[in-house]
2 protein chains.
Amino acid sequence: MDIAEELAKKQKEISVAEFFEKNKQILGFDSPQKSLVMAVKEAVDNSLDACEEARILPEIHVDITKVDRDEYQLTVEDNGPGIVRREVPKVFGQFLYGSRFHSVKQTRGQQGIGISAVVLYSQLTTGKPARIVSKISSDDVAYYFEIMIDTLKNRANVLREEPLISDKKSGVKIQVNLKGKYTRGKQSVLEYLQNTAIVNPHATIVFSDPEGLKVRFERAWNNPIEPPKETKPHPLGVEIGELMQMVSRTSAKKLKTFLTGEFSRISDHLAQEICRISGIECERDPHSLSLDELKRIQESFRKVKILPPTFESLSPIGETLIKKGLKNVLGNLKPSFYSIPVTRKPSVYSGNPFVVEVGLVYGGSIPHDEQVKVLRFANRVPLLYQAGSCALTKAVENIDWRKYGLEQRGGQGLPVGPMIVLIHLGSTRIPYTSEAKEAVAEIPEIMDELDLALKESARQIKAFLIKKEVKAKLTEKFFLVQKILPKIAEKSSRILNKEIPPLDPVITKIMNVLWIEENVSQEGKSARINVNVSNFTPEEKSFRLYADLPDGKLDGNIIPYGEYDENKDYIRWNIESMKPMEKITFTFNVKDLKGDYGETVFYIEGTDPVHVVGAEPLPGDWNLEALRSIIEEEEEEENGEE
Amino acid sequence: MDIAEELAKKQKEISVAEFFEKNKQILGFDSPQKSLVMAVKEAVDNSLDACEEARILPEIHVDITKVDRDEYQLTVEDNGPGIVRREVPKVFGQFLYGSRFHSVKQTRGQQGIGISAVVLYSQLTTGKPARIVSKISSDDVAYYFEIMIDTLKNRANVLREEPLISDKKSGVKIQVNLKGKYTRGKQSVLEYLQNTAIVNPHATIVFSDPEGLKVRFERAWNNPIEPPKETKPHPLGVEIGELMQMVSRTSAKKLKTFLTGEFSRISDHLAQEICRISGIECERDPHSLSLDELKRIQESFRKVKILPPTFESLSPIGETLIKKGLKNVLGNLKPSFYSIPVTRKPSVYSGNPFVVEVGLVYGGSIPHDEQVKVLRFANRVPLLYQAGSCALTKAVENIDWRKYGLEQRGGQGLPVGPMIVLIHLGSTRIPYTSEAKEAVAEIPEIMDELDLALKESARQIKAFLIKKEVKAKLTEKFFLVQKILPKIAEKSSRILNKEIPPLDPVITKIMNVLWIEENVSQEGKSARINVNVSNFTPEEKSFRLYADLPDGKLDGNIIPYGEYDENKDYIRWNIESMKPMEKITFTFNVKDLKGDYGETVFYIEGTDPVHVVGAEPLPGDWNLEALRSIIEEEEEEENGEE
């Protein structure tokens, strides 16, 4: 017989469940330790997504107990909306079944794979079914299920299904037995839950570990997060094949209504422009368009000016949570510089909106001889594995950090030095490298945005280092001017037998800075902070000063009066007028310090930051741009490239 | 309405094709440059697999032309067995369809995903169908197909199908248009084909690139590779869930025949032993076994002595090809040490046999200040991407290379220094981290084997370094003994007025080594090599000496006569007897040198290598084991750990 005929006999369809059963490492279940983390992650991510969709403040209980040498029992229970009875078997017992795959908005789960993977891994390693209880608010009873997956068919095999009395309003509880290895420390369930709690401050997470540890991560915010809204695909980056599909599926009768109706950010006017540029009539039936015509439309997307996507479908974590995330890993370390977290404007890859956020801390007591730490988050989920192949790490590696005081062989690779970086990617579709959702693929558009956000943060380090140098020089000048000038003046006056001239105009002209210096006196867990601000410029100044507290809570009054923003953890003073040579002292107290108070970070607004020593320009201020361009010029001079 | 009901409305099945369409990065198609490499790789891997299965010497033509700004046309044509007409649409137009998923043997393709991914990416980015021509030897005509994938259904959409006159015996030709970016250099189509040609020396690969380059990698071996044989799963590491499935699907009526029939390496005797240990009768119907009983059987697999799998289902690349692979990347670099490639015995993870092979070069002119290069291969396929998250790289990072003269921060991470490592993993199922098959997951069993193979190679470096030191010390001794001893003897004899005693017994007693030294005189592309071997031991010696040529071809006679093995590129001399203080000079010539001849690597067999200077023990020799234990002891002494 022909060998081709023989080979043909072996050709066979493979069920997706069977595929994953034989390739469980693709789902992230490749070692007993990691498997336990993966299982917790999939269940908790689902709970958070469901609560957000139902605008419920999440309370999630995670419980792990040891059953046998390498068998654990995991229970995850939430107070979400529950899952309707008929859907339970499919949601938990079937791969590629879900609600979030087809929607264009930022969610944790996207694939309809994760929780079925947990059920599959559990039955594969222990032979036991998953136990699920679901209660929805409109039912009087909950329902209890025992489910296994028929891998040959990729269908749920329901072993048991029965009503259950429940006094809960709604929620889902899943319990599985699985082969695992429980550890604490790095890449552990605890680390995952801790980081999850930080970037999801609207959630309470309660964890009982198999060794008797009980941890409660209490919610810090009492309002549910505003869930991202569903949107239409953005025209940029849409592939021709997708455009063909959209055209074949649309109910629009005219090209113009197809464009405005199926895409975000295409107005009537823009649709006309697109039709004009592609040389196709607006009234054409989209179903009648040829491949060539569709290509012209696709190309015209690049030629017209389409607004970037809005934040509507996205959910960035924001400045405060980025700072919290960084503070959490710092422990007792005291950096000398906190960057102003950067949240980029939304951008697009393949029609999917995404946003990049970066925050970093630098210097101080952060170890100088270790590789920098990169904290990775995607859609508010901490990423613990596969750092080496993740775009978020790669973007850090691609930057030449040597100019920021870090050691880096050849200006590439993970640098060594006193820095911790937090990166968050939010997107309606995170391009994970695998179904395990551990690492982000190196999509060029995302790499570009990561690069810009990281450079914007790095430039702040540059500015900080330049300022530090400037301050050192100015301190010297200051000493000379303050101490020696009066003596010289006095001496010269005596020789000339004239009156001592007014020195202030000379001093301010030489110095020409607003000088900010703090003085911290700490006792135990409390500290008093005096901030001296002197106007050594020849002009009257008006500005707003911000003090960003590194630790502790404000205690008592602020003198003179300043506003305190509890959420952002800073004090704001509004200084209407400050005359040349005038000095003001600001005083406040903090309590509940965890360690050394460290240094307050000052930001200033409303005056040219080039003439300020001791405060950073407030982000968003026009001056920041000016400062940046100065720094960029300096950088270019230094490197002769960029 | 209950929010749960609202959410339920959105629940939906997702087709696997649709899933990959939206997550093409999971298939490796995440940038235009990489996409082109992926497409070539999937097509060529398929061709190689098919040829091997049909025992045809592969001849594969790869042709890339530029069609448009970012559109390329790729054509891959082979002389394989072809695909029968009715199977063509499924093989190319349906995900999770294939012949190799269910079989336990080493093949490149395993998933039934790769080539459909190419067709999907092509239609997504250009809107054009894949064109396929297939001819099988028992048909008179070939068949031509135009295929697209209906992603909603995961089914082929055959746009055209017609017979075609063809004078080929058999083969497949696939042509696709796709978005891409063609580059040469690192991570390019060229690099992939070059490395593929090296580890598949039975294949001829012809490549025309879009810039007019034509390369022909001629086959070096004229016999088809013996294809790996299909085997049964090995009992070790089989999960309880798999055991349950095997039991439910078996036609065996008795536990004993189930065990011997469905697993490899279980004999009648062993089956009885397993039954006894698990306390279950051999005659029991396997279908009647409870979960608990199956668990006892699974546990007893660990308690009895099961032989490791054979090489039968595997296809290691072997010593010669490992060396060729290393030589290929060396270019003009001359290492001072070539390791004897290590091929471990087959081992098992989750019932899947696998084998690890490692070779390395060290020192010499390999850059000392760059990260070591790791060449990764899995089932004879070069891995070019995702190095950072690959078990093959991780295993290198996990070893403390500082004791081998490399720089490594904290004894972890990719070391810096003069070394290039080649690693091959062969398995009946490579545990890739994703469908893109770019990186291997960190399966504990595989990590262990990689660690052992790498350490075995690293120990050779250690031995080399120790030998180098020993040689330096001996050279000193040699000088003293050879030059000074006769003078002392003469002087003392004169003083004592006695005859000069015979010095040879003294010299050989002090030296006690077989001394091997070469002398190279090169002119242009030719060189003459003189090898002086002196027996400075008090005993008569017999041994076999091997000279492994680093470059060039043997030219003319070997004096005295030695056998030349063209395949392994070495000369072998058989020395029947060599008296104390006897010296022999071996001479040969080489031609066609690419650069500096460098150093010959000498191996010796049949004598204790501890008393040899200038040659390594031949692998497999009993002395190697002895040497190793000496080195290990030394290492332990040095480190007080391991």
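Take the Cα of B:LYS66, step 7 Å along the line toward its Cβ, and report every residue of region B:175-205 whose backbone nitrogen sits under 14 Å from that point.
B:180-184
Could you tell me which of B:PHE258, B:VAL133, B:LEU289 has its Cα farthest along the dipole of chain B towards the positive end, charges placed at Cβ (Lys, Arg +1; Asp, Glu -1), taken about the Cα centre?
So the residue we want is B:VAL133.
Helix-only mean residue ellipticity at 222 nm, the protein assembly as shown, DSSP H runs n ≥ 4 weighted -39,500 (n - 2.57), per residue, nearest 500. What is it?
After summing the helix terms and dividing by the residues of the protein assembly as shown, the value is -10000 deg cm²/dmol.
Note down the relative contact order for region B:16-217 as a percent, whole number, built from C-alpha pairs under 8 angstrom at least six residues apart.
28
If R₀ is 41 angstrom, what is the calculated FRET efficiency for the pair B:ASN497 and B:ALA472, using the beta carbon separation as r and rounding to 0.05?
Rounded to the nearest 0.05, the efficiency is 0.60.
In the protein assembly as shown, with Lys and Arg counted as +1 and Asp and Glu as -1 at Cβ, which of these residues, A:TRP515, A:GLY98, B:ASN332, has the Cα nearest the positive end of the dipole, that is, farthest along it?
Highest projection toward the positive end goes to A:GLY98.
Return, ordered by residue number, the residues of region A:579-597 whose backbone nitrogen is under 20 Å from a label point located 7 Å along Cα→Cβ of A:ASP565.
Output list for this probe position: A:587-590.
Using a ≥ b ≥ c from the Cα gyration tensor of region A:16-217 (square roots of the eigenvalues), is it rounded, prolate or oblate, where a/c under 1.5 gives rounded and otherwise the larger of a/b and b/c decides, a/b for prolate?
Rounded, because the longest to shortest axis ratio a/c is under 1.5.
GluC sites (Glu not before Pro), restricted to region A:1-51: which are DSSP loop and have at most 16 other Cβ atoms within 10 Å?
Listed in order of number, the matching sites amount to none.
What are the GluC sites (Glu not before Pro) within region B:488-527 that DSSP puts in a loop, where the Cβ has at most 14 other Cβ atoms within 10 Å?
Filter output for region B:488-527: B:GLU499.
Tell me, which longest segment in chain A has none of the trypsin sites (Lys or Arg not before Pro) that fall in DSSP loops with at most 10 further Cβ atoms within 10 Å?
Longest run free of exposed loop sites: A:306-497.
Using r as the Cβ-Cβ distance of A:VAL158 and A:LYS186, and R0 as 35 Å, what FRET efficiency do you calculate, to the nearest 0.05?
Efficiency computed from Cβ-Cβ geometry: 0.35.
Give me a single rounded figure for B:402-415: the average over its residues of other chain Cβ atoms within 10 Å of their Cβ.
That works out to 1 on average.
In nm, to one decimal, how far is the A:LYS168 label point from the A:LYS345 one, both placed 7 Å along Cα→Cβ?
Each label point lies 7 Å from its Cα, and together they span 4.4 nm.
Mind putting a number on the dipole of region A:16-217 about its Cα centre? Charges go on the C-beta only, +1 for Lys and Arg and -1 for Asp and Glu, and I need it in Debye to the nearest 20.
The dipole of region A:16-217 has a size of about 280 debye.
Working out 0.36 nm times the residue gap between B:ARG55 and B:VAL215, then minus their Cα-Cα distance, what length gain in nm do you get to one decimal?
55.1 nm
Suppose each label sits 7 Å from its Cα in the direction of the beta carbon; what would the B:LYS403-A:LYS403 distance come out to in nanometres?
It works out to 4.4 nm between the two label points.
Return the average number of partner chain Cβ atoms within 10 angstrom of each residue Cβ along peptide A:13-25.
Average neighbour count from other chains, rounded to a whole number: 6.
In µm²/s, what is D for the protein assembly as shown at 10 °C and 1.306 mPa s, where D = kT/(6 pi eta Rh) by Stokes-Einstein and Rh is the Kirkwood radius from Cα pairs?
D = 45 µm²/s.
Cα to Cα, under 13 Å, and not fewer than 8 places away if on the same chain: which aspartates and glutamates meet these conditions relative to A:LYS22?
Straight-line reach from A:LYS22, under 13 Å: A:ASP30, B:GLU239, B:GLU242, B:GLU435.
Which three lengths, in whole Å and largest first, does chain B cover when its Cα atoms are put on their principal axes?
119, 70, 54
Going by how many other Cβ atoms sit within 10 Å of their own, how do A:SER336, A:SER31, B:SER492 line up, fewest first?
Exposure proxy ranking, most exposed first: B:SER492, A:SER336, A:SER31.
Which of the listed residues, A:GLY82, B:SER170, A:LEU307, is farthest toward the dipole's positive end in the protein assembly as shown, when Lys, Arg count +1 and Asp, Glu count -1 at the beta-carbon?
Farthest towards the positive end: A:GLY82.
Can you tell me the length gained on complete extension of the stretch B:LYS253 to B:HIS287, counting 0.36 nm per residue apart and subtracting the Cα distance?
11.4 nm
What is the dipole size for the protein assembly as shown, taken about its Cα centre, with +1 at each Lys and Arg Cβ and -1 at each Asp and Glu Cβ, in debye to the nearest 20?
So the magnitude is around 280 debye.
From the cross-link list A:LYS153/A:LYS179; B:LYS295/B:LYS437; B:LYS34/B:LYS345; B:LYS66/B:LYS334, which pairs have alpha carbons spaced over 31 Å apart?
Exceeds cut-off: B:LYS295/B:LYS437; B:LYS34/B:LYS345; B:LYS66/B:LYS334.
Distance in nm between label sites at B:LYS591 and B:VAL141, each 7 Å beyond Cα in the beta-carbon direction?
5.4
Counting partner chain Cβ atoms within 10 Å of every residue's Cβ in A:142-155, what's the average?
For this peptide, the per-residue mean of nearby foreign Cβ atoms is 1.
Under a Cβ-only charge scheme (Lys and Arg +1, Asp and Glu -1), can you give me the dipole magnitude of chain B about the Cα centre, in debye to the nearest 20?
For this selection, approximately 760 debye.
Every number here is computed from the coordinates shown, using simple stated rules; none is lab data. Since we're looking at a predicted model, the values are computed, not measured. Virtual Cβ from ideal backbone geometry, glycine too; neighbours counted across all protein chains shown.
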